[in-house]
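Single-structure report; data block below.
Each reported figure results from applying straightforward, stated rules to the coordinates on display, with no laboratory input. Since the model is a prediction, treat every value here as computed from it, not as a measurement. For neighbour counting, all protein chains shown are included, and Cβ atoms are generated from backbone atoms with ideal geometry for every residue, glycine included.
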Amino acid sequence: MTKSPGKSFRLIGSAMDPGRMEALKAMKVLNLYFSATGNTQKIAKRIEDTLRGQGFEVDTLKIGADSNPDILAYDLVFAGSGVYHWLPGKPMMELFEKLLSRYVGEGEIRPASPRRQGKKAVVYCSYGGGHTGANEAVPAVKYIGQLFDHLGYEVLDEWYFVGEYLRKHRPMSVKGRLGNIEGRPNDADLMEVSEKVAGILRV
Ligand SMILES: Cc1cc2nc3c(=O)[nH]c(=O)nc-3n(C[C@H](O)[C@H](O)[C@H](O)COP(=O)(O)O)c2cc1C
């Protein structure tokens, strides 16, 4: 697992009660993502920078073939992927299959998936929506959320960010149902990421 240094990103007007902030900072935070063309990576980077700007430690992990994080070691997990054929990228699904087998084997996934005190997740995607708009991103985000829900994490929110089509699918960035999405996620999208991260810390 890598801890990337990242620059911090501090939001104006995001002050929080100091006692509550100290308690929050004791949490272990994982920033887990898969990105094939770099869009989700921009979002994950902004999540990391915003958390660091608020004084949090965070482990950021870009999913690759050898990834094997122990999700249960973390109290707050941000998990996101680009959308490919209305699902997360294959490497994320392969990792989740592996983790599911592991946690089933260890007896950590129990009937009725009882909640684990203090364990929370936020799941998100970046998507192009070229054919059916946000509808084709929904299954991807629901898929990501299910691992956490099965483990007893409270899924605090589902976030959807627009990401331009790159590589051979680039023309879809102007021909699809969302209109012209070239350059997304752009500065405004990333500001929204920062605001949402700051907001989720108030939950
Ligand atoms: C090969 C390919 C397939 C894609 N399939 C979909 C799709 O089914 N639905 C969708 O909403 N976006 C789709 N997209 C758009 C991506 O989800 C979007 O560009 C996303 O931001 C990519 O994230 P990443 O760069 O982090 O992997 C596709 C993009 C590519 C390159």
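Observations on the model:
- Total residues in the range 34-61, condition of a type in the set (A, V, I, L, M, F, W, C), more than 11 Å from the chain's Cα centre (by Cα) and either under 13 Å from Ala198 (Cβ atoms) or within 13 Å of the ligand (Cβ to nearest atom) (or both): 3
- The range 72-100 - residue that is free of Cβ contacts under 8 Å to residues at least 40 places away in the same chain and of a type in the set (Asp, Glu) and, of those, nearest to the ligand (Cβ to nearest atom): Glu94
- Of the residues making up the range 128-149, those that are surrounded by 17 or more Cβ atoms within 10 Å (Cβ to Cβ) and within 30 Å of Arg116 (Cβ to Cβ) are Ala137, Val138, Ala140, Val141, Tyr143, Ile144, Gly145, Leu147, Phe148.
- Test for Tyr103: is it in contact (Cβ under 8 Å) with a residue 24 or more places away in the chain and away from the ligand (no atom under 16 Å from the Cβ): yes
- Search result, residues across the range 121-140 that are under 22 Å from Arg102 (Cα atoms) and either within 13 Å of the ligand (Cβ to nearest atom) or of a type outside the set (A, V, I, L, M, F, W, C) (or both): Ala140
- Only one of the numbered conditions (1) more than 8 Å from the ligand (Cβ to nearest atom); (2) more than 16 Å from Ser35 (Cβ to Cβ); (3) not acidic (Asp, Glu) is violated by Val193, and that is (2).
- Residue in the range 38-46 that is closer than 26 Å to Glu164 by Cβ and assigned to a loop (DSSP other than H, G, I, E, B) present: yes
- Considering residues of the range 141-169 that are more than 18 Å from Pro185 (Cα to Cα) and in contact with a Leu (Cβ under 8 Å, 6 or more places away or on another chain) only, the residue nearest to the ligand (Cβ to nearest atom): Tyr143
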